[in-house]
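See structure below.
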Amino acid sequence: MAEVETQRDGGVLTITLNRPDVLNAFNASMHAALGEALSEAEDASVRAVVLTGAGRGFCVGQDLTEFRGSAGDIGSRLRDTYHPNILAIRALEKPVIAVVNGAAAGAGLSFACACDIRIASEAASFVPAFINVGLVPDSGGTYFVVELLGYARAFEWMSSGRKLSAAEAREWGLVSEVVEADGLAARAAEVAARYASMPTRGVAMTKRLFSEAARNRLEEQLELEAELQTAATQTSDFREGVAAFLAKRKPEFTGS
């Protein structure tokens, strides 16, 4: 059984973490398979990516059975396996949608927060489990959660280890919507298909702008906006969008 499965539906690539017996906990081989799937997602024909989990969980972070003997050099483990996949998600020039079907804990929570959009099942839960075993958040957890929630709420939550329900996550703005469990797959497909039909390069450049906004001075951000707007006007989708607007018809974007 593949530890990460991929499925194409038009311009949508769905990546499913597939160790359901351990709630899709990460081990070295699953990291390698996820890296291959994210490389597949770089293909220009893929215009939206869904990341989800098989069975009852999204991902509960590191499989601690790998630490039975010794944890070893955790820093090297993070640099060699977790960091490349987090960076790959952020580098993808297309939207990545986390479809959180169950528990997202530890690094699984970090991975969900690294995505551009989060949709949750009402059965989902969000657990910053690191502190519960004496660890600190990793895999970008401190970076993405504070961007989503602000410092005060992010610190209180991540240092408490408290489980957050799907409804609370929606109230806090951690996820954009919560749907009934039996309707999650259909809603995820609907959202992903909508993004796959949009001007993909424009979406990608919007992703880059928001990613860099927090670190840029206003003058730098204005300049980046000008540069990327210039690039956007050179796309086929811009020409199609203007033509459709003037003709009062629905645009047919190709992602080019």
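Of all the listed residues (A152, A166), the sole one being over 30 Å from A226 (Cβ atoms), out of contact with any Ser or Thr (no Cβ under 9 Å at 6 or more places or on another chain) and either surrounded by 22 or more Cβ atoms within 10 Å (Cβ to Cβ) or of a type in the set (A, V, I, L, M) (or both) is A152. Looking only at residues in segment 19-32 that are crowded, with 19+ Cβ neighbours inside 10 Å and of a type in the set (A, V, I, L, M), the one that is nearest to V4 (Cα to Cα) is M30. Among the residues that make up segment 56-74, is at least one of them within 24 Å of A196 (Cα to Cα) and either in contact with a Cys (Cβ under 9 Å, 6 or more places away or on another chain) or modelled with pLDDT under 95 (or both)? No, every residue in segment 56-74 fails to be within 24 Å of A196 (Cα to Cα) and either in contact with a Cys (Cβ under 9 Å, 6 or more places away or on another chain) or modelled with pLDDT under 95 (or both). Selection of segment 200-219 for residues being more than 25 Å from V175 (Cβ to Cβ) and under 26 Å from the mean Cα position of the chain (by Cα) yields R201, N216, R217. Taking first residues from segment 225-247 that are free of Cβ contacts under 8 Å to residues at least 24 places away in the same chain and within 11 Å of P199 (Cα to Cα) and partners that are of a type in the set (G, A, S) and exposed (fewer than 12 other Cβ atoms within 10 Å of the Cβ), the Cβ contacts under 6 Å between residues at least 6 apart in sequence or on separate chains come to S236/S256.
The values are calculated or read from the model by the stated rules, or taken from the named source; none is laboratory data. Keep in mind that this is a model prediction, so the values were computed, not measured. Note that we place each Cβ from the backbone using ideal geometry, even for glycine, and neighbour counts take in every protein chain shown.
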